[in-house]
């Protein structure tokens, strides 16, 4: 029966090419626009570290003085050197890492390249195991290297390609900011998007080329890059490690179970109370523990532009749907004669209804294909826009599936009312008026 | 032509008419709000900075290895002299943060040195004596800094410092509404007496509320190049590219090994364009969606009217046979469409207003200006009239003889 309906639908669609074309066009436009923006939203709000995002927590404490305090206010986003080091050495979680961003001047070993700046991550050793960072060559450094302020670096594979043509550079020396560093590792392909562990630098498409121990970076006197929040009389002094009135480091911990997370939160409260009794903190304990997705959400990482565009695209889809409902109504009502004959020959209302819905579904399928082409074109345009997230806009299989589900679902929905109307005409009067 | 007849005819197609009204209403609501968003974006992108943007280039230079502060300061003076000596350069200077650049430097400022005094965060520009002239700033009151007032950044941030300050007119209005700010004291770095007020200078990046965009302070600081960016003011704006190239060359050939990359050298206009690139992308996207919406609406009108024309062929033939002219038939469909569009627009206006209220809840947006409503209405009327023209002309060409034939 379904085959017969398909055949009928094809004949009917072919009979009225203009109307069919308009319906397909309307659905294709709606689907194309909404899929383009949905894909951008999907890519941007994606999970940067799937599988582990619920176990990784960003730590916030409030070390500020009582000036400007209001109950319920958010603690600071970052931690100061002294608090970060205290928490790091307390080893309260399974894994922990204290980190900040930076920029280092690289003097390439090949003289054909001019010196250049590269984004760097200064971090304690826990970073690599905690974020499951893959290595192409060599290894990460250890907590002992952190302690020794060892002059060593790990490179991203992009930087390794640029400097050493992609060859194994482990064991070579690299001159950074006037100091020599030993290369001990090269990362594999690792580009978490968004750049969740430090949102102070660009949120998207930012990957550091150089990783070095945090202690080493301060020993070498490298400036840090990113946000610095100071309070009280904190702004002066160039040595950030002695300044306990400025927060400029991110502290991440891994806690595998909710129970451990609760226990860690208690630990942070105890720490705050202890620091308050020592006179360093003045506010009541105010701590937050947010996992990766909560942290991204709290920071509203998805640009509000993109969210707005998505709503607009759904507005467009809605108008297209209403439009399709109207056109289908016109199309089905025009075929009163044919439908009445089928009724008179014994087809039930249900059968007519199914037949008409099959026809709507076919319009949806055609609209979906058109919409897919339009979405591919739309994404191509987005990729060529100079927005910072532009190069990420690609259609993945999940979104491809959603395109067709959305297209066929939308057209079936649009077909419901017209089909219902069309199979409720009295066959006798319709036949008589012919 | 009687509206009543048309209305009663429309009553026979209630569902189709409702759909068309809804479609026009939705696109009216969305297009009005989208255009409003584009308008606010464009306005934001075109805010003046108070700086002579067309004539400014900037070069960011960094040292590769550590050198003594004295050597860096000496090198800075040599660099600036070399840059000023370049052909077509009017002036050269150094500044701690560039407009539309990456960094943003700000301090808490208050009107009293009491610890509980209310504080606002204001961005601060540090620069040498040539900075105002290089930027092309205009003085609105008071005076520029005197040469003996320039200090190092350590002295500015030192204990008990009393460095003078120049503030923007907007900041002066905020602190001293209706009074002259010159001679007054603010507390940013120790005690700072206001010696001058500039007409306009803005934050390097958007930060804080919309009015604080024009709050800025200028401090007389001789910066080393390691903490700033060189600014160049050229005679003619076409010479910017050439001047930047020769500046890069001059900085590369003189002094120690430094990072002098074309990537870090740009014109202020290019920096502005880059800073607003997301806004521009957004504006184009909105324009695209609006166009699509209007096209889809027009398609819907064409489709449904064609259906009605086909359905009423016989009636049209009868009307023609009993004396209606082609113009009458044409006008009938046009009036019918006008009525439907009017219902749609009326509903659309209400929806547009509601959508605007909804957007205001989630985004920093103002009320939809009243003139959007008539403009949106006229646009949609025009589009629906154009869309109906084709089917209506086809209807007017139905010959009267149709009336005598059975279908």
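The values are calculated or read from the model by the stated rules, or taken from the named source; none is laboratory data. Quantities reported herein were computed from a predicted structural model and do not represent experimental measurements. Please note: Cβ atoms are built from the backbone with ideal geometry, for glycine as well, and neighbour counts cover all protein chains shown.
Residues checked against (1) under 22 Å from residue A:312 (Cβ atoms); (2) in the same structural domain as residue B:311 (by TED's automatic domain parsing); (3) modelled with pLDDT of 90 or more:
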| residue | (1), (2), (3) |
| --- | --- |
| B:331 | no, yes, yes |
| B:347 | yes, yes, yes |
| B:350 | yes, yes, yes |
| B:353 | yes, yes, yes |
| B:359 | yes, yes, no |
| B:363 | yes, yes, no |
| B:369 | yes, yes, no |
| B:382 | no, yes, yes |
Within region B:68-96, restricting attention to residues that are touching a helix residue (DSSP H, G or I) at 6+ places or on another chain (Cβ under 7 Å) and part of a strand (DSSP E or B), which residue is farthest from residue B:230 (Cα to Cα)? B:89
So which residues in region A:1-53 are closer than 25 Å to residue B:284 by Cα, more than 14 Å from chain B (Cβ to nearest Cβ) and part of a helix (DSSP H, G or I)? A:42, A:43
Does region B:45-67 contain at least one residue that is on the phi > 0 side of the Ramachandran plot, touching a helix residue (DSSP H, G or I) at 6+ places or on another chain (Cβ under 7 Å) and away from chain A (no Cβ under 14 Å)? no
Only one of B:344, B:354, B:300 is in contact (Cβ under 8 Å) with a residue 40 or more places away in the chain, part of a helix (DSSP H, G or I) and surrounded by fewer than 16 Cβ atoms within 10 Å (Cβ to Cβ), namely B:354
Assigned by TED's automatic domain parsing to the domain that holds residue A:290, at positive phi and free of Cβ contacts under 8 Å to residues at least 12 places away in the same chain, is that true of residue A:72? yes
Return yes when residue B:320 is away from chain A (no Cβ under 12 Å), in a helix (DSSP H, G or I) and crowded, with 20+ Cβ neighbours inside 10 Å and no when it is not. yes
What number of residues within region A:322-350 satisfy the criterion of being more than 20 Å from residue B:309 (Cβ to Cβ) and facing chain B (nearest Cβ under 8 Å)? 1
So residue A:293 fits all but one of (1) facing chain B (nearest Cβ under 10 Å); (2) over 30 Å from residue A:356 (Cα atoms); what number is the exception? (1)
Number of the exception - residue B:339 against (1) part of a helix (DSSP H, G or I); (2) outside the structural domain of residue B:390 (by TED's automatic domain parsing); (3) in contact (Cβ under 8 Å) with a residue 24 or more places away in the chain; (4) more than 25 Å from residue B:208 (Cβ to Cβ): (2)
Could you list, in sequence order, all residues of region A:297-317 that are touching a residue at least 60 places away in the same chain (Cβ under 8 Å) and facing another protein chain (nearest Cβ under 8 Å)? A:303, A:309, A:312, A:313, A:316
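Yes or no, residue by residue, for (1) at pLDDT 90 or above; (2) surrounded by 17 or more Cβ atoms within 10 Å (Cβ to Cβ):
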residue: A:90; (1), (2): yes, no
residue: A:98; (1), (2): yes, yes
residue: A:105; (1), (2): no, yes
residue: A:125; (1), (2): yes, yes
residue: A:131; (1), (2): yes, yes
residue: A:145; (1), (2): yes, yes
residue: A:151; (1), (2): yes, yes
residue: A:166; (1), (2): no, no
residue: A:169; (1), (2): yes, yes
Look through region B:172-205, keep the residues that are over 17 Å from residue B:119 (Cα atoms) and touching a residue at least 60 places away in the same chain (Cβ under 8 Å), and return whichever of them is nearest to the chain's Cα centre (by Cα). B:205
Residues that are in contact with a strand residue (DSSP E or B) (Cβ under 9 Å, 6 or more places away or on another chain), part of a strand (DSSP E or B) and touching a residue at least 24 places away in the same chain (Cβ under 8 Å): does region A:137-146 have at least one? yes
Is it the case that residue A:174 is in a strand (DSSP E or B), within 14 Å of chain B (Cβ to nearest Cβ) and either modelled with pLDDT of 90 or more or more than 30 Å from residue A:265 (Cα to Cα) (or both)? yes
Among the residues of region A:223-233, are any farther than 30 Å from residue A:144 by Cα, part of a loop (DSSP other than H, G, I, E, B) and away from chain B (no Cβ under 14 Å)? no
Report yes if residue B:163 is more than 30 Å from residue A:119 (Cβ to Cβ), in contact (Cβ under 8 Å) with a residue 40 or more places away in the chain, surrounded by 14 or more Cβ atoms within 10 Å (Cβ to Cβ) and touching a strand residue (DSSP E or B) at 6+ places or on another chain (Cβ under 7 Å), otherwise no. yes
